[in-house]
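Remarks on the structure that follows.
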Amino acid sequence: QDTTFEVECRYVGALGAVLVSFMDVTHLEQAGQMRRDFVANVSHELRTPLTALLGFIETLRGPAREDAAARDRFLQIMAEEADRMNRLVGDLLSLNRVENQERIRPREKVDLTGQLRSTLKSLQPLADDAGVELSLDIPGQPVTVTGDADQLRQVFTNLVENAIKYGGSGGVVNVSLSLRERDPAVRGPAATVVVEDKGPGIDPVHLPRLTERFYRADSHRSRQLGGTGLGLAIVKHIVNRHRGRLRVESELGKGSQFSIILPR
Ligand code: ADP
């Protein structure tokens, strides 16, 4: 890895000595590059639906003016493109909020069993549409962690939604919650939520980059399904904020397992 040093020279008065200090600015350069990449990505992601919208507006003003059927069809596509932009902006705001809060410890008492039950209930219509059976395996009594209820809910929603969208062809998505007195991943008592699908799995080459913003293992499918490419980046930051761990295991042709290990 290249390292860039910034050299600072100072002339020190009567002694006539020159003090030279080195400061490693590699990380600053990397942060700058990441910011530039991010801005380029966001611009590209917003411009694609915007270009489509502008194209349809032109067509509606001209050739399709008197064609009622075409007008309805185009308006439907325009609504979908506007919806995509809306979701992207929503996810960007979520990501920004979570990043800003990453150093602030969440303090709510959150019952994970209740959270998981209501997450699955709200995603049932999506599962029904995809022909996916959702199964939930949780302890009978409440399991409480200290955290941010809305953010944990978002983690579970993103993971289960992904399992349905990308792993739905396996027919079933299993969600489980288990407890350990000591988990080395969090060096203490832990609650682990596992979201598992039996879908096509993820090629191992993609795994290390999966939580990067806008990284998609299957770009075509993600876009077709209306993905913003930010879901797992948001998950990663929320899990970090909770001092937890995210683990991804996947085998091609067998399915994927996303585990969230939270300290109790
Ligand atoms: P997206 O908005 O594209 O769904 P995410 O950050 O949530 O973005 O996920 C990143 C990528 O990881 C997805 O585009 C998809 O290629 C892959 N992925 C996520 N979950 C699964 C899964 N359960 N099975 C297969 N691929 C998955």
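The values are calculated or read from the model by the stated rules, or taken from the named source; none is laboratory data. The shown structure was predicted, so the numbers you read here are calculated from the model rather than taken from an experiment. Virtual Cβ from ideal backbone geometry, glycine too; neighbours counted across all protein chains shown. These accessible areas exclude ligands, DNA and RNA; they are computed on the full protein's heavy atoms, side chains included. Shrake-Rupley method; radii C 1.70, N 1.55, O 1.52, S 1.80 Å.
Expressed as a rounded percentage, what relative contact order does the chain have, with Cα pairs under 8 Å and six or more residues apart?
16
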Burial order of peptide ranges 210-217, 80-87 (average beta-carbon count within 10 Å, highest first): 210-217, 80-87
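What 222 nm value per residue comes from the helices of the chain, counting each DSSP H run with n ≥ 4 as -39,500 (n - 2.57) and dividing by all residues, nearest 500 deg cm²/dmol?
-16500 deg cm²/dmol
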When the convex hull of its Cα atoms is projected in every direction, mean area for the range 24-134 (nm²): 12.2
Net lengthening on full extension, Lys254/Arg107 (0.36 nm per residue, minus Cα-Cα): 49.1 nm
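For the range 112-192, which trypsin sites (Lys or Arg not before Pro) are both in a DSSP coil and crowded by at most 14 other Cβ atoms within 10 Å?
Counting only loop positions with at most 14 other Cβ atoms within 10 Å, the trypsin sites (Lys or Arg not before Pro) in the range 112-192 are Arg187.
Would you please put 66-78, 242-254 in order of how densely packed they are, using the mean number of other Cβ atoms within 10 angstrom per residue and starting with the highest?
Result, highest mean first: 242-254, 66-78.
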Separation of the Asp218 and Val39 label points, Cα + 7 Å toward Cβ, nm: 3.5
Residues Arg87 and Glu66, FRET efficiency given R0 of 25 Å [Cβ-Cβ distance, rounded to 0.05]: 0.15
Within the range 32-87: Cβ-based charge dipole about Cα centre, in debye rounded to nearest 20 (Lys, Arg +1; Asp, Glu -1): 220
Apportionment of accessible area to carbon and sulfur, the chain, percent (1.4 Å): 52
Bins of 10 Å from zero: percent of alpha-carbon pairs in the chain: 6, 23, 28, 20, 12, 7, 3, 1, 0
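Find the eigenvalues of the gyration tensor of the Cα atoms of the range 91-225, then list the square roots of 5 times those eigenvalues as equivalent ellipsoid semi-axes, largest first, in whole angstrom.
They are 25, 20, 16 Å, listed largest first.
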